[in-house]
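The values are calculated or read from the model by the stated rules, or taken from the named source; none is laboratory data. None of the values given here were measured: they were computed from a predicted structure. We place every Cβ from the backbone using ideal geometry, glycine too, and count neighbours over all the protein chains shown.
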Amino acid sequence: MASAPRTLEDLERRYEDMLGFTPPKIAKRLKLSMTVDPDLVGALEDWRIAALTPDALDQKTVQLMCFAILLSQTSEAAANHARAAIKAGATLEELHASAGIATLFRGVAAFNMAGELLSNLFPAPDQAQTSTPVKD
């Protein structure tokens, strides 16, 4: 595991590398935590990176799993991992299949949430056929 970064910018860069941006809630948490207990936040962020970058799985698979798990919890963070999955090469069809798996365990609430998230990422029917996401 990498040693804990000691700057806010280092921690934010990890999110930017994975997601393409640092989500606002996470940015606030990082900023606060770096002023209160930088060792703790560094350790937690190292653990997060270790869990999200296993040698045994590629990033697309990891992010599809995160998307499905967070959908099954109906967590708004599912959107961040959908974006990360797309960044890692996932298609609309793969995200939709992951949503189907989440629905098996959570029910229609997860599928409804996925429909909203994926419609925002792939809004036009002709874009869905090409599996090309909309750029923000």
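Observations on the structure shown:
- All of (1) touching a Leu at 6+ places or on another chain (Cβ under 6 Å); (2) over 20 Å from Glu116 (Cα atoms) hold for Ala85 with one exception: (2).
- Residue-level check: of (1) crowded, with 17+ Cβ neighbours inside 10 Å; (2) within 30 Å of Ala109 (Cβ to Cβ); (3) free of Cβ contacts under 8 Å to residues at least 12 places away in the same chain, Phe67 misses just (3).
Residues are listed down the side, and each one gets a yes or a no for (1) surrounded by fewer than 17 Cβ atoms within 10 Å (Cβ to Cβ); (2) of a type outside the set (Ser, Thr, Tyr):
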position: Leu8; (1), (2): no, yes
position: Met18; (1), (2): no, yes
position: Asp55; (1), (2): yes, yes
position: Ser75; (1), (2): yes, no
position: Thr103; (1), (2): no, no
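- Helices (runs of 4 or more DSSP H) enclosed by the stretch 44-136 - at least 3 residues per element that are closer than 19 Å to Pro23 by Cα and at pLDDT 95 or above: 59-72, 78-87, 108-121
- Index of the failed condition, Arg13 passing every other in (1) crowded, with 16+ Cβ neighbours inside 10 Å; (2) more than 21 Å from Leu118 (Cβ to Cβ): (1)
- Candidate set: the stretch 26-46, residues that are in contact (Cβ under 8 Å) with a residue 24 or more places away in the chain and in contact with a helix residue (DSSP H, G or I) (Cβ under 6 Å, 6 or more places away or on another chain); chosen: the one farthest from Ala78 (Cα to Cα): Met34
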